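The values are calculated or read from the model by the stated rules, or taken from the named source; none is laboratory data. Note that the coordinates shown come from a computational prediction; the quantities given were computed from them, not determined experimentally. Cβ placement follows ideal geometry from the backbone for every residue including glycine, while neighbour counts extend to all protein chains displayed.
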Amino acid sequence: MRNLELVDEWGNTYFDKKLELTQVETIYDESTTDVWGLEKTACKDFSKYDSLAKNGKSCLRLNWNKTDNCPWMGIGIGWNGYVAKDMTDWMQNGSLCFDLRSTQGNAFIPTLIFLLEDYNGKQAAAVLKSSHLSNYPITEDWQKVSIPLSLFLENNVTKCDFSFIKSLNIEFQGSGNFLVDNIELVRQRKQSTIKKKYGETTTTQFPVWLFDGNESNYWGFGQFQNSIIELDSTNQFNGRPGIHVKQLETNQQPIAREIGMSWEHWQATNFTDSLNNLYLELTVKGNTNMVTLGFESFKGEKTLIPLSEKFLLQDSLEWKTYRIPFTAFEFEKLNFHTCCFKQLICAFNQKGELVLGNIQINKKQ
């Protein structure tokens, strides 16, 4: 038995979560010590095949043609030296997996009945179906087959004791000629909680540009039913594109759209300077009443405020520049975790059109 840790890549949302482990128990790889039924008769030719294996040197070759004159045909595998196996914890979320291919050409799905047998002789069954295959028809290329163990629970007419399993048996009906390899049990199970799902950093260099057009650092852009949020390359700010937002007239309740942007590659961010010394600055053209903006932490707190005229720093014919001190945001009231800033949020909940740009965090001189 072996445990393989599944390590997630970083995503754009960060929550505490359970670590999933893939647990694998081998039933058959190359050894036939615990296998019975490998023999040649007038109806079947079941054997270890020292060629064409998916892994290693050998696999199982299963060739049969069950006519009316043929007796019951099957094989059994009592893995782990026929020691009694407790499979109780596997039955809800585990699978019986193996590699399968045809011996020659394309083939239809064979009639195979998989049986878990306990030491009292009682068996639970699961029939191989096309939904268990990775591809159809079956070709000369190896493919993975996965049969949910829950099917054995559903078809446990004889009350097989899954805590006292002796062997996996396979019954063959009809005809077929296939190669099988790597028979194993696989399940996903939850393990210890990961408390951190993000990196941590401290912002030390100013100004901090919050939007540089790098799509890995923002979200929420696109064309929607009643709105458009897109890059605006015609309006550049220090070589960085602007953000064009257009909310259309609608008879329905306006849909609030949000965008978010990270300035430290989605790491939890702290500042060396006191927040009292910091301010958010941006330049806007258009309907400033349609936007509220602010910050969200990795703990989930969010504080947004409108673009008030009291923050107006400069007003030209088209463009307005706003400078919002960090003290204007309700960090203290919300118990905002200022040690782990996640992103700047801009929310749009009115009709209108505007362009945002020159978005930065800076500090007082």
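Output yes when any residue across segment 333-344 is touching a helix residue (DSSP H, G or I) at 6+ places or on another chain (Cβ under 9 Å), closer than 26 Å to S233 by Cβ, part of a strand (DSSP E or B) and among the hydrophobic types (A, V, I, L, M, F, W, C), and no when none is.
Scanning segment 333-344 turns up no residue that is touching a helix residue (DSSP H, G or I) at 6+ places or on another chain (Cβ under 9 Å), closer than 26 Å to S233 by Cβ, part of a strand (DSSP E or B) and among the hydrophobic types (A, V, I, L, M, F, W, C).
Could you tell me whether F178 is at pLDDT 95 or above and either within 29 Å of G81 (Cα to Cα) or part of a strand (DSSP E or B) (or both)?
On the way: at pLDDT 95 or above: yes; either within 29 Å of G81 (Cα to Cα) or part of a strand (DSSP E or B) (or both): yes.
The answer is yes for F178.
Looking only at segment 90-127, count every residue that is of a type in the set (D, E, K, R), touching a residue at least 40 places away in the same chain (Cβ under 8 Å) and in contact with a Ser or Thr (Cβ under 9 Å, 6 or more places away or on another chain) and tell me the total. Give the derivation first.
Keep residues of segment 90-127 that are of a type in the set (D, E, K, R), which gives 99, 101, 117-118, 122.
Those still in the list that are touching a residue at least 40 places away in the same chain (Cβ under 8 Å) too: 99, 101, 117-118.
With the extra rule that they be in contact with a Ser or Thr (Cβ under 9 Å, 6 or more places away or on another chain), the set shrinks to 101, 117-118.
So the count comes out to 3.
Of the residues L115, L96, L100, which is within 14 Å of E154 (Cα to Cα), in contact with an Asp or Glu (Cβ under 9 Å, 6 or more places away or on another chain) and either surrounded by 14 or more Cβ atoms within 10 Å (Cβ to Cβ) or basic (K, R) (or both)?
Details: L96 fails: within 14 Å of E154 (Cα to Cα); L100 fails: within 14 Å of E154 (Cα to Cα).
Selected residue: L115, the only one of L115, L96, L100 that is within 14 Å of E154 (Cα to Cα), in contact with an Asp or Glu (Cβ under 9 Å, 6 or more places away or on another chain) and either surrounded by 14 or more Cβ atoms within 10 Å (Cβ to Cβ) or basic (K, R) (or both).
Starting from residues that are under 38 Å from the mean Cα position of the chain (by Cα) and of a type in the set (A, V, I, L, M, F, W, C), keep the ones in segment 39-77 and report whichever is farthest from T139 (Cα to Cα).
The qualifying residue farthest from T139 (Cα to Cα) is I77.
So, in segment 292-332, exactly how many residues are surrounded by fewer than 19 Cβ atoms within 10 Å (Cβ to Cβ), free of Cβ contacts under 8 Å to residues at least 24 places away in the same chain and either closer than 15 Å to L278 by Cα or of a type in the set (D, E, K, R) (or both)?
5
Which ones in segment 86-111 are aliphatic (A, V, I, L, M) and within 32 Å of the chain's Cα centre (by Cα)? Can you show your working first?
Narrowing segment 86-111 to residues aliphatic (A, V, I, L, M): 87, 91, 96, 100, 107, 109.
Listed by number, the residues that qualify are M87, M91, L96, L100, I109.
Does segment 52-73 include one or more residues that are of a type in the set (A, V, I, L, M, F, W, C), under 30 Å from T158 (Cβ atoms) and exposed (fewer than 14 other Cβ atoms within 10 Å of the Cβ)? Please lay out each step first, then the result.
The initial filter retains those residues of segment 52-73 that are of a type in the set (A, V, I, L, M, F, W, C), namely 52-53, 59-60, 62, 64, 70, 72-73.
If we keep only those that are under 30 Å from T158 (Cβ atoms) too, we end up with 60, 62, 64, 70, 72-73.
Of the ones still in play, those that are also exposed (fewer than 14 other Cβ atoms within 10 Å of the Cβ) are 72.
The answer is yes, given that some residue of segment 52-73 is of a type in the set (A, V, I, L, M, F, W, C), under 30 Å from T158 (Cβ atoms) and exposed (fewer than 14 other Cβ atoms within 10 Å of the Cβ).
Taking the conditions exactly as written (in contact with a helix residue (DSSP H, G or I) (Cβ under 9 Å, 6 or more places away or on another chain) and at pLDDT 90 or above), does L115 satisfy them or not?
Values: in contact with a helix residue (DSSP H, G or I) (Cβ under 9 Å, 6 or more places away or on another chain): yes; at pLDDT 90 or above: yes.
When the stated conditions are applied, L115 passes them.
Give the residues of segment 128-154 that are outside any loop (DSSP other than H, G, I, E, B) and without any contact (Cβ under 8 Å) to a residue 24 or more places away in the chain, sorted by residue number. Outline the logic, then answer.
Our first condition is that a residue be outside any loop (DSSP other than H, G, I, E, B); within segment 128-154, this holds for 130-133, 138, 143-148, 150-154.
Selection gives S130, S131, H132, E154.
Looking at segment 24-38, which of the residues that are within 38 Å of the chain's Cα centre (by Cα) and not hydrophobic (A, V, I, L, M, F, W, C) is farthest from L62 (Cα to Cα)?
Within segment 24-38, the first condition is being within 38 Å of the chain's Cα centre (by Cα), and the residues that meet it are 24-32, 34-35.
Then drop every residue that is not not hydrophobic (A, V, I, L, M, F, W, C), which leaves 25-26, 28-32, 34.
Details: E25: 23, T26: 19, Y28: 14, D29: 15, E30: 15, S31: 16, T32: 14, D34: 17 Å.
Here the residue is E25.
For segment 131-142: of the residues being at pLDDT 90 or above, more than 22 Å from the chain's Cα centre (by Cα) and not aromatic (F, W, Y), which is surrounded by the most Cβ atoms within 10 Å (Cβ to Cβ)?
Once the filter is applied, the top-ranked residue is I138.
Go over the candidates I183, I259 one by one and state the one that is part of a strand (DSSP E or B), modelled with pLDDT of 85 or more and within 30 Å of C59 (Cα to Cα). Don't jump to the end; show me each part of the working.
Numbers: I259 fails: within 30 Å of C59 (Cα to Cα).
None of the other options fit; the residue is I183.
Among the residues of segment 164-183, is there at least one that is free of Cβ contacts under 8 Å to residues at least 12 places away in the same chain and either in the same structural domain as D50 (by TED's automatic domain parsing) or surrounded by fewer than 18 Cβ atoms within 10 Å (Cβ to Cβ) (or both)? Can you show your working first?
Kept after step one, since they are free of Cβ contacts under 8 Å to residues at least 12 places away in the same chain, are these residues of segment 164-183: none.
No, there is no match, as no residue in segment 164-183 is free of Cβ contacts under 8 Å to residues at least 12 places away in the same chain and either in the same structural domain as D50 (by TED's automatic domain parsing) or surrounded by fewer than 18 Cβ atoms within 10 Å (Cβ to Cβ) (or both).
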